[in-house]
Amino acid sequence: MEELFTLLDSPARLSIVFLCSLLIGMSKTGVQGIAMISVPIMAIVFGAKESTGVILPMLCFADLIAVVYYRHSVQWRHVFALLPPAIAGLFVAIAVDRFVPAEAFQLMMAFCILAGLAVMVVNEFKKPDEHALCGKWWYAPIFGVLGGFTTMIGNAAGGIMAVYLLSMRMNKLSFVGTNAWFFMAINYTKIPLQVFAWDNIGPSSLAIDALCIPFLIAGAIAGVWFVKILPEKGYRIFVIASTFVSTFLMFF
């Protein structure tokens, strides 16, 4: 892990990491999907698996900001419905890690998110009373497992959760608040797994994260402002579009 700092061997690479941290802060307070752009970029800088150990502490810090600001907007029934299967998904990812090459992780994440995105787009053209799938007993567990799996292998479950939460027809504040509380719970659960099972969080990665704190805070403030100025329908369209674009980038 100590060699991570040697990868930041130029002002350009350091600036890229700072930009990614800014995007992470923005995504946590409402600019949904934009942090997905940082996932492939950080994978290029640090390596696919190693980058998850750098990104996770950033996510945890930004999660705290988001839950404090949106503490009154959460819909707990959705958090509780998603968490148990999501935790199961974490362990599925650890098991898969033994058999799947690191270079295949990014493609696995992209295909999982695109599958969910297709469902979300179809649902947007249906009337609310036609969303029969959302009421099925298996609907939340499937998205929970997919969310846990994708967040463990690459901190990239934002698209999966966007699909689920938008299909619940939440307003934008409930969407952001519920999303924030779910990811805070799941991301803090991931810390011991990545420390002891994957050994990709250490003093070097945490030092890089510490340098990024000002950019995480600035991004979080920008995200709050963005949610305030965007109307409900515009926000839904933005989430769908940003999820598609950021997921498409993962194929490259």
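The values are calculated or read from the model by the stated rules, or taken from the named source; none is laboratory data. What you are looking at is a predicted structure, and each value in this text was computed from that prediction instead of being measured. So basically every Cβ, Gly included, is an ideal-geometry build from the backbone, and we count neighbours across all protein chains shown.
Would a scan of the stretch 236-248 turn up a residue that is in contact (Cβ under 8 Å) with a residue 12 or more places away in the chain and not in a helix (DSSP H, G or I)?
Within the stretch 236-248 (the criterion being in contact (Cβ under 8 Å) with a residue 12 or more places away in the chain and not in a helix (DSSP H, G or I)), the answer is no, since none of the residues qualifies.
From the residues in the stretch 227-238 that are within 19 Å of Tyr69 (Cα to Cα) and either of a type in the set (A, V, I, L, M) or at pLDDT 95 or above (or both), which one is surrounded by the fewest Cβ atoms within 10 Å (Cβ to Cβ)?
Ile229
Those residues that are polar (S, T, N, Q) and surrounded by fewer than 17 Cβ atoms within 10 Å (Cβ to Cβ), I need them from the stretch 4-47; list them, please.
Thr6, Ser10, Ser15, listed by residue number.
Can you name the number of the only condition in (1) crowded, with 22+ Cβ neighbours inside 10 Å; (2) over 21 Å from Thr52 (Cα atoms); (3) not small (Gly, Ala, Ser) that Asn179 fails?
Evaluating Asn179 over (1) crowded, with 22+ Cβ neighbours inside 10 Å; (2) over 21 Å from Thr52 (Cα atoms); (3) not small (Gly, Ala, Ser) leaves (2) as the failure.
Restricting attention to the stretch 207-217, report how many residues are of a type in the set (A, V, I, L, M, F, W, C) and either in contact with a helix residue (DSSP H, G or I) (Cβ under 6 Å, 6 or more places away or on another chain) or buried (at least 17 other Cβ atoms within 10 Å of the Cβ) (or both). First the steps, then the outcome.
Start the filter on the stretch 207-217 by keeping residues that are of a type in the set (A, V, I, L, M, F, W, C), which leaves 207-208, 210-213, 215-217.
This time we only want the ones that are either in contact with a helix residue (DSSP H, G or I) (Cβ under 6 Å, 6 or more places away or on another chain) or buried (at least 17 other Cβ atoms within 10 Å of the Cβ) (or both), so: 208, 212, 215-216.
Here the count works out to 4.
Suppose the filter is within 14 Å of Gln32 (Cβ to Cβ) and surrounded by 19 or more Cβ atoms within 10 Å (Cβ to Cβ); does Ala220 pass it?
Working: within 14 Å of Gln32 (Cβ to Cβ): yes; surrounded by 19 or more Cβ atoms within 10 Å (Cβ to Cβ): yes.
Considered against the rule, which asks whether it is within 14 Å of Gln32 (Cβ to Cβ) and surrounded by 19 or more Cβ atoms within 10 Å (Cβ to Cβ), Ala220 comes out as yes.
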